[in-house]
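Right, one structure below, let's go through it.
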Amino acid sequence: MKKRIRVLFDASVIANGAKHNSGRTGIFFAAYNVLKEFIKRDDIIIELYSGIENYTKAKSVIENDEILRWVKFTDDYNFFGKIYNNFEDLKYRNKVDKRSLTARLFIKLCLKFFKILHKIFKISLLDISKVKNDYDIYFTPLYAVPECLREVKNIKKFMMIHDVTPLIFPQYFAGVDKGKYFFFDIIKSINKNDYYFSNSEYTKQDFIKYVPRIDGEKITTAYLAASEDFRLVTDKNLINPVKTKYNIPADKKYLFSLCSLEPRKNLIRAVKSFIKFIDKHKIENLVYVLGGSAWDGFVNKLEQEIPDYAHYKNQIIKAGYVEDEDLPLLYSGAEFFVYTSEYEGFGLPVLEAMKCGRAVITSNNSSLPEVAGNAAIQINFDSIDEHVKAYEKLYFNNALRNEYSEKAILQAAKFSWHKTAETMIDTFKKVL
């Protein structure tokens, strides 16, 4: 019988995604779905780790997940780590049981004290002498490898790399404290000894270009996928209540965009193009639905940059955060999906929309052509005219819209989380 690979999996990003709706981005879903696929395998053993900021939340998320609840957290903590985790467990139980305010304040102060010690003295939570004997692989879906593990030679370190947005578009991160932003910790930690999974070939080339410390030979492309929950829904009795929930008029057709509402996503230009389109053709039965958590000031900027915004505000629906179970229905009910981002490491919403059989308009840049293939209309992100022409093609031509819908389902079927995990585990085996 072959020896099973022992993997220590960093669950921190899963905790962050569960804490905040805005954290449930493509990266959260990538981590969550890769973990689900890993635990199905009989050739690897998975245990979980989470950093000092996320341990209790990660543990509670995992324990309350029907699929992941059987995955155990590592026991390989040192004395400091065990004390800290015990206090975290007490904090969680006190919160749940609503114990005395005095007890809660005492525990909170102790945890704050531990975090200060951890930050100042860089104290490790892990017992490295145990860890190095108990695991073959350390895998992180996002965050940098912990400092305490970087020098442990016999454990091979693997990190998922998603994009280099802050390096290409520093103007969008001007107010970010680089010392506190996780991305720059990731960049500082990259080296020629560790191994990396890029979410697209384009991301791989970007890291080779912008982070020359990385060894391109140690980057393996492992494409992301859309959950099996995404499928084409045609039953209006299912779609209409969801339209009502997100304030989409029952008698209107709609275009749909889903993303974090940040400048790079190019939504203001897409909305300007929509207004030009409906004005040009005197269209009154169509609205534009914007799904996603907003960055600070986005809505104000939208109102400032759209000429005569007040006149069109009823045709621009700001749906906000969309619940997971509603997404397949919102995708399926749309006339078509618009995702003309300025830059993407992968572009998961494009794949989700295609899996729901939606015709898609997307950009011809970065990784998006890898995801969309020939199953979407690809345009220059910065051209309003190209946006309008694409809207015209899909709105007025049912046959073309149906053709792209069929192509979309076929293209989406090329991607699966099973394939993603298979690529990763095959790479683990080759490296070991």
Item to check | Matching entry among Lys393, Lys389, Lys407, Lys419 (being open to solvent by 20 Å² or more (accessible area, probe 1.4 Å) and closer than 29 Å to Ile219 by Cα) | outcome: Lys419
Item to check | Single residue of region 3-50 satisfying the filter (modelled with pLDDT under 95 and of a type in the set (Phe, Trp, Tyr)) that is farthest from Phe197 (Cα to Cα) | outcome: Tyr49
Item to check | Search result, residues across region 284-293 that are surrounded by fewer than 18 Cβ atoms within 10 Å (Cβ to Cβ) and over 20 Å from Val360 (Cβ atoms) | outcome: Glu284, Asn285
Checklist entry - Is it the case that region 191-211 has a residue that's closer than 23 Å to Gly347 by Cβ and at pLDDT below 95? => result no
Next on the checklist: I'd like to know if region 259-277 contains one or more residues that are farther than 19 Å from Pro328 by Cα, open to solvent by 70 Å² or more (accessible area, probe 1.4 Å) and not in a helix (DSSP H, G or I).
Outcome noted: no
Item to check | Single unsatisfied condition, Asn193 versus (1) over 21 Å from Asn54 (Cα atoms); (2) in a helix (DSSP H, G or I); (3) out of contact with any helix residue (DSSP H, G or I) (no Cβ under 6 Å at 6 or more places or on another chain) | outcome: (2)
Next on the checklist: Need pairs with beta-carbon distance below 6 Å; first residue touching a residue at least 24 places away in the same chain (Cβ under 8 Å) and within region 239-261, second open to solvent by less than 20 Å² (accessible area, probe 1.4 Å) and assigned to a loop (DSSP other than H, G, I, E, B); sequence gap 6+ or separate chains.
Outcome noted: Tyr254/Ile248; Tyr254/Ala334; Phe256/Ala334; Leu258/Gly292; Cys259/Gly292; Ser260/Gly292; Leu261/Gly292
Checklist outcome for this item: Those residues of region 30-59 that are in a helix (DSSP H, G or I) and within 24 Å of Lys115 (Cα to Cα) come to a total of 5
Next on the checklist: Going by what's in this entry, would Leu167 be described as assigned to a helix (DSSP H, G or I) and within 21 Å of Phe38 (Cβ to Cβ)?
Outcome noted: no
Next on the checklist: Please go through (1) loosely packed, with under 14 Cβ neighbours inside 10 Å; (2) closer than 20 Å to Ile168 by Cα for Phe183 and return the number of the only condition it doesn't satisfy.
Outcome noted: (1)
Checklist entry - Condition test on Lys218, is it in contact (Cβ under 8 Å) with a residue 24 or more places away in the chain, within 30 Å of Leu432 (Cα to Cα) and among the basic types (Lys, Arg)? => result yes
Next on the checklist: Just checking, does region 106-129 include any residue being more than 21 Å from the chain's Cα centre (by Cα), open to solvent by 80 Å² or more (accessible area, probe 1.4 Å) and under 23 Å from Met160 (Cβ atoms)?
Outcome noted: no
Item to check | Where a residue in region 29-43 is more than 17 Å from Asp229 (Cα to Cα) and its partner, wherever it lies, is small (Gly, Ala, Ser), with Cβ under 9 Å and at least six apart | outcome: Phe38/Ala421; Lys40/Ala421; Arg41/Ala421
Checklist outcome for this item: Exactly one of Phe121, Phe139 is under 22 Å from Lys188 (Cβ atoms) and at pLDDT below 80, and that one is Phe121
Next on the checklist: Restricting to region 294-307, and then to whatever is surrounded by 17 or more Cβ atoms within 10 Å (Cβ to Cβ) and aliphatic (A, V, I, L, M), can you tell me which residue is nearest to Val388 (Cα to Cα)?
Outcome noted: Ile306
Next on the checklist: Cβ-Cβ distance below 7 Å, separation of 6 or more or different chains: which pairs start in region 160-184 with a residue that is more than 23 Å from Tyr195 (Cα to Cα) and end on one that is basic (Lys, Arg) and open to solvent by less than 60 Å² (accessible area, probe 1.4 Å)?
Outcome noted: Phe169/Arg264; Tyr172/Arg264
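The values are calculated or read from the model by the stated rules, or taken from the named source; none is laboratory data. It should be emphasised that the depicted structure is a prediction, and the values quoted were computed from it without experimental measurement. With ideal geometry, Cβ positions are generated from the backbone for all residues, glycine too; neighbour counts draw on all protein chains shown. Areas reflect the complete protein model, heavy atoms only, side chains present, ligands, DNA and RNA absent. Shrake-Rupley method; radii C 1.70, N 1.55, O 1.52, S 1.80 Å.
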